[in-house]
Amino acid sequence: MAAAAVSTAASLTLPRRADRARGSSLRRRHCCVRPLAAASSSSSQPTATTSGDHSPSPRRQVLVAGAAAAAALVSRPTPAAFAEGTKGFLGVIDRKAGYSFVYPFGWQEVSVQGQDKVYKDVIEPLESVSINMIPTIKEDIRDLGPPDQVAEALVRKVLAPPTQKTKLIEAKQTEIDGRAYYTFEFTAQAPNYTRHALGTITIANGKFYTLATGANERRWDKMKERLHTIVDSFKIETKV
(Lines give C-alpha, C1' and ligand atoms only; values in the text may rest on other atoms or scores of the structure.)
Protein backbone atom coordinates (compact mmCIF):
# COMPACT_ATOMS: atom_id res chain seq x y z
CA MET A 1 0.00 0.00 0.00
CA ALA A 2 1.28 3.40 -0.90
CA ALA A 3 2.70 5.27 2.09
CA ALA A 4 0.71 8.40 1.27
CA ALA A 5 -2.60 6.51 1.25
CA VAL A 6 -1.88 4.75 4.53
CA SER A 7 -0.75 7.99 6.18
CA THR A 8 -3.89 9.80 5.01
CA ALA A 9 -6.25 7.03 6.08
CA ALA A 10 -4.49 6.73 9.45
CA SER A 11 -5.19 10.39 10.11
CA LEU A 12 -8.94 10.02 9.55
CA THR A 13 -10.95 10.37 12.74
CA LEU A 14 -14.32 9.12 11.55
CA PRO A 15 -16.45 7.61 14.35
CA ARG A 16 -17.12 3.87 14.28
CA ARG A 17 -20.10 2.45 12.44
CA ALA A 18 -23.46 3.77 13.50
CA ASP A 19 -24.88 0.33 14.19
CA ARG A 20 -22.35 -0.26 16.99
CA ALA A 21 -23.13 3.02 18.79
CA ARG A 22 -24.87 2.59 22.16
CA GLY A 23 -27.47 4.82 23.73
CA SER A 24 -28.88 5.97 20.40
CA SER A 25 -32.27 7.59 20.73
CA LEU A 26 -34.89 7.00 18.10
CA ARG A 27 -36.58 9.93 16.48
CA ARG A 28 -38.61 10.06 13.33
CA ARG A 29 -37.55 12.38 10.58
CA HIS A 30 -39.87 13.73 7.93
CA CYS A 31 -38.01 14.06 4.67
CA CYS A 32 -38.77 17.38 3.10
CA VAL A 33 -39.33 17.27 -0.63
CA ARG A 34 -39.29 20.63 -2.26
CA PRO A 35 -42.06 20.73 -4.89
CA LEU A 36 -41.50 22.41 -8.17
CA ALA A 37 -43.30 25.73 -8.13
CA ALA A 38 -46.13 25.74 -10.63
CA ALA A 39 -46.16 28.53 -13.14
CA SER A 40 -49.20 30.75 -12.95
CA SER A 41 -50.79 32.83 -15.65
CA SER A 42 -52.23 36.31 -15.36
CA SER A 43 -55.75 36.57 -13.94
CA SER A 44 -56.79 38.86 -16.77
CA GLN A 45 -58.26 37.39 -19.94
CA PRO A 46 -55.91 37.33 -22.93
CA THR A 47 -56.72 39.93 -25.57
CA ALA A 48 -57.32 38.99 -29.15
CA THR A 49 -54.50 39.57 -31.58
CA THR A 50 -54.56 40.55 -35.17
CA SER A 51 -53.58 38.06 -37.85
CA GLY A 52 -50.18 39.76 -38.11
CA ASP A 53 -49.36 39.47 -34.41
CA HIS A 54 -47.49 36.19 -33.79
CA SER A 55 -46.45 36.81 -30.16
CA PRO A 56 -47.14 33.74 -27.94
CA SER A 57 -50.25 33.77 -25.79
CA PRO A 58 -49.96 33.70 -21.98
CA ARG A 59 -51.26 30.11 -21.98
CA ARG A 60 -48.58 29.02 -24.44
CA GLN A 61 -45.88 30.74 -22.34
CA VAL A 62 -47.03 28.79 -19.28
CA LEU A 63 -46.92 25.48 -21.19
CA VAL A 64 -43.45 26.19 -22.55
CA ALA A 65 -42.15 27.15 -19.11
CA GLY A 66 -43.63 23.98 -17.61
CA ALA A 67 -42.01 21.82 -20.28
CA ALA A 68 -38.62 23.44 -19.70
CA ALA A 69 -38.87 22.82 -15.96
CA ALA A 70 -39.80 19.18 -16.53
CA ALA A 71 -36.84 18.74 -18.87
CA ALA A 72 -34.52 20.13 -16.19
CA LEU A 73 -35.75 17.55 -13.70
CA VAL A 74 -35.13 14.73 -16.15
CA SER A 75 -31.58 15.88 -16.87
CA ARG A 76 -30.65 16.05 -13.17
CA PRO A 77 -32.85 13.82 -10.97
CA THR A 78 -33.39 14.83 -7.38
CA PRO A 79 -33.28 12.26 -4.54
CA ALA A 80 -37.06 12.53 -4.29
CA ALA A 81 -37.40 11.70 -7.98
CA PHE A 82 -34.89 8.87 -7.59
CA ALA A 83 -36.87 7.46 -4.68
CA GLU A 84 -40.18 7.88 -6.52
CA GLY A 85 -38.83 5.78 -9.38
CA THR A 86 -37.39 3.19 -6.97
CA LYS A 87 -40.15 1.36 -5.15
CA GLY A 88 -39.68 1.13 -1.42
CA PHE A 89 -37.25 4.05 -0.93
CA LEU A 90 -37.37 7.55 0.53
CA GLY A 91 -35.14 10.45 -0.47
CA VAL A 92 -32.97 12.67 1.73
CA ILE A 93 -31.40 15.92 0.56
CA ASP A 94 -29.27 18.13 2.79
CA ARG A 95 -28.15 21.17 0.85
CA LYS A 96 -26.50 22.73 3.88
CA ALA A 97 -24.20 19.72 4.27
CA GLY A 98 -24.09 19.26 0.49
CA TYR A 99 -25.27 15.69 -0.17
CA SER A 100 -28.26 13.49 -1.00
CA PHE A 101 -29.14 9.79 -0.96
CA VAL A 102 -32.07 7.37 -0.58
CA TYR A 103 -32.81 4.75 2.06
CA PRO A 104 -35.35 1.90 2.35
CA PHE A 105 -38.86 2.72 3.45
CA GLY A 106 -39.40 1.66 7.06
CA TRP A 107 -35.91 2.43 8.33
CA GLN A 108 -35.87 4.84 11.25
CA GLU A 109 -33.56 7.79 11.78
CA VAL A 110 -31.46 7.46 14.92
CA SER A 111 -29.26 10.01 16.61
CA VAL A 112 -25.64 8.87 16.85
CA GLN A 113 -22.95 11.14 18.19
CA GLY A 114 -20.34 11.96 15.57
CA GLN A 115 -22.51 10.95 12.61
CA ASP A 116 -24.33 13.47 10.42
CA LYS A 117 -27.25 11.15 9.63
CA VAL A 118 -28.07 7.52 10.40
CA TYR A 119 -31.04 5.42 9.30
CA LYS A 120 -31.47 1.81 10.37
CA ASP A 121 -33.84 -1.12 10.61
CA VAL A 122 -34.84 -1.37 14.27
CA ILE A 123 -35.47 -5.12 13.94
CA GLU A 124 -32.26 -5.95 12.05
CA PRO A 125 -29.72 -3.61 13.72
CA LEU A 126 -26.90 -4.46 11.28
CA GLU A 127 -28.98 -3.03 8.42
CA SER A 128 -28.23 0.68 8.37
CA VAL A 129 -26.83 3.60 6.43
CA SER A 130 -24.68 6.35 7.90
CA ILE A 131 -23.19 9.59 6.59
CA ASN A 132 -20.05 11.10 8.02
CA MET A 133 -17.97 14.14 7.06
CA ILE A 134 -14.55 15.38 8.20
CA PRO A 135 -12.59 18.44 7.04
CA THR A 136 -9.82 17.92 4.49
CA ILE A 137 -7.41 20.05 2.51
CA LYS A 138 -7.58 17.62 -0.41
CA GLU A 139 -9.70 18.57 -3.40
CA ASP A 140 -10.22 15.19 -5.07
CA ILE A 141 -10.58 11.65 -3.71
CA ARG A 142 -7.95 10.53 -6.22
CA ASP A 143 -5.38 12.66 -4.37
CA LEU A 144 -5.42 10.02 -1.60
CA GLY A 145 -4.39 7.13 -3.84
CA PRO A 146 -6.04 4.36 -5.90
CA PRO A 147 -9.45 2.95 -4.86
CA ASP A 148 -8.24 -0.37 -3.43
CA GLN A 149 -5.55 1.17 -1.21
CA VAL A 150 -7.75 3.95 0.12
CA ALA A 151 -10.69 1.60 0.75
CA GLU A 152 -8.49 -1.03 2.44
CA ALA A 153 -7.07 1.52 4.88
CA LEU A 154 -10.49 3.05 5.58
CA VAL A 155 -12.11 -0.32 6.28
CA ARG A 156 -9.36 -1.52 8.62
CA LYS A 157 -8.79 1.71 10.51
CA VAL A 158 -12.23 3.35 10.55
CA LEU A 159 -15.20 1.27 9.41
CA ALA A 160 -14.48 -1.85 11.47
CA PRO A 161 -13.04 -2.31 14.97
CA PRO A 162 -9.52 -3.75 15.26
CA THR A 163 -10.91 -6.93 16.81
CA GLN A 164 -12.80 -7.84 13.62
CA LYS A 165 -11.29 -9.59 10.63
CA THR A 166 -11.94 -7.55 7.49
CA LYS A 167 -11.80 -8.43 3.82
CA LEU A 168 -11.98 -5.96 0.94
CA ILE A 169 -13.93 -7.64 -1.87
CA GLU A 170 -13.94 -4.92 -4.50
CA ALA A 171 -13.09 -1.25 -4.94
CA LYS A 172 -13.67 0.91 -7.99
CA GLN A 173 -13.90 4.48 -9.17
CA THR A 174 -17.09 6.03 -10.54
CA GLU A 175 -18.02 9.54 -11.64
CA ILE A 176 -21.18 11.56 -11.11
CA ASP A 177 -21.49 15.01 -12.67
CA GLY A 178 -17.72 14.96 -13.30
CA ARG A 179 -16.84 14.23 -9.65
CA ALA A 180 -14.85 11.11 -8.69
CA TYR A 181 -16.22 8.67 -6.11
CA TYR A 182 -14.65 5.49 -4.73
CA THR A 183 -17.16 2.68 -4.16
CA PHE A 184 -16.20 -0.51 -2.37
CA GLU A 185 -17.54 -3.76 -0.87
CA PHE A 186 -16.16 -5.51 2.22
CA THR A 187 -16.94 -7.89 5.08
CA ALA A 188 -16.17 -7.51 8.79
CA GLN A 189 -16.19 -10.72 10.80
CA ALA A 190 -16.97 -10.70 14.53
CA PRO A 191 -17.03 -13.78 16.79
CA ASN A 192 -20.81 -14.30 16.40
CA TYR A 193 -21.70 -12.55 13.14
CA THR A 194 -20.32 -11.20 9.87
CA ARG A 195 -21.43 -7.89 8.39
CA HIS A 196 -21.42 -7.55 4.61
CA ALA A 197 -21.13 -3.89 3.73
CA LEU A 198 -20.81 -1.31 0.97
CA GLY A 199 -19.31 2.16 1.08
CA THR A 200 -18.75 5.18 -1.09
CA ILE A 201 -16.43 8.12 -0.47
CA THR A 202 -15.69 11.40 -2.17
CA ILE A 203 -14.23 14.84 -1.48
CA ALA A 204 -16.11 18.11 -2.00
CA ASN A 205 -16.78 21.40 -0.22
CA GLY A 206 -13.58 20.97 1.81
CA LYS A 207 -14.90 17.72 3.33
CA PHE A 208 -14.23 13.99 3.11
CA TYR A 209 -17.65 12.31 2.77
CA THR A 210 -18.24 8.68 3.74
CA LEU A 211 -21.50 6.78 3.22
CA ALA A 212 -21.54 3.24 4.64
CA THR A 213 -24.35 0.68 4.55
CA GLY A 214 -24.59 -3.03 5.17
CA ALA A 215 -26.42 -6.07 6.56
CA ASN A 216 -25.82 -9.32 8.35
CA GLU A 217 -24.11 -11.83 6.03
CA ARG A 218 -27.04 -14.22 6.44
CA ARG A 219 -29.34 -11.57 4.87
CA TRP A 220 -26.93 -10.35 2.19
CA ASP A 221 -28.64 -12.09 -0.73
CA LYS A 222 -31.95 -10.52 0.28
CA MET A 223 -30.59 -7.05 0.95
CA LYS A 224 -27.75 -6.54 -1.54
CA GLU A 225 -29.86 -4.91 -4.26
CA ARG A 226 -31.31 -2.42 -1.78
CA LEU A 227 -27.88 -1.62 -0.37
CA HIS A 228 -26.45 -1.08 -3.86
CA THR A 229 -29.35 1.30 -4.55
CA ILE A 230 -28.43 3.33 -1.47
CA VAL A 231 -24.78 3.60 -2.53
CA ASP A 232 -25.62 4.38 -6.14
CA SER A 233 -27.98 7.19 -5.08
CA PHE A 234 -25.39 9.09 -3.03
CA LYS A 235 -24.19 12.30 -4.65
CA ILE A 236 -22.86 15.72 -3.78
CA GLU A 237 -25.38 18.54 -4.03
CA THR A 238 -24.92 22.28 -4.45
CA LYS A 239 -24.71 23.88 -1.01
CA VAL A 240 -26.95 26.79 -0.04
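For region 167-225, filtered to residues that are touching a residue at least 60 places away in the same chain (Cβ under 8 Å) and of a type in the set (S, T, N, Q), the residue that is surrounded by the most Cβ atoms within 10 Å (Cβ to Cβ) is Thr213. Quick check, is Leu144 modelled with pLDDT of 95 or more, among the hydrophobic types (A, V, I, L, M, F, W, C) and within 16 Å of the chain's Cα centre (by Cα)? No.
Between Thr136, Thr163, the distinction of being open to solvent by 40 Å² or more (accessible area, probe 1.4 Å) and of a type in the set (Ser, Thr, Tyr) belongs to Thr163 only.
The values are calculated or read from the model by the stated rules, or taken from the named source; none is laboratory data. Just so it is clear, the model here is predicted, and its values are computed rather than measured. Positions of Cβ are generated from backbone atoms using ideal geometry, with glycine treated the same way; all protein chains shown enter the neighbour counts. Side chains are part of the model used for accessible areas, which takes the heavy atoms of the whole protein and leaves out ligands, DNA and RNA. Shrake-Rupley method; radii C 1.70, N 1.55, O 1.52, S 1.80 Å.
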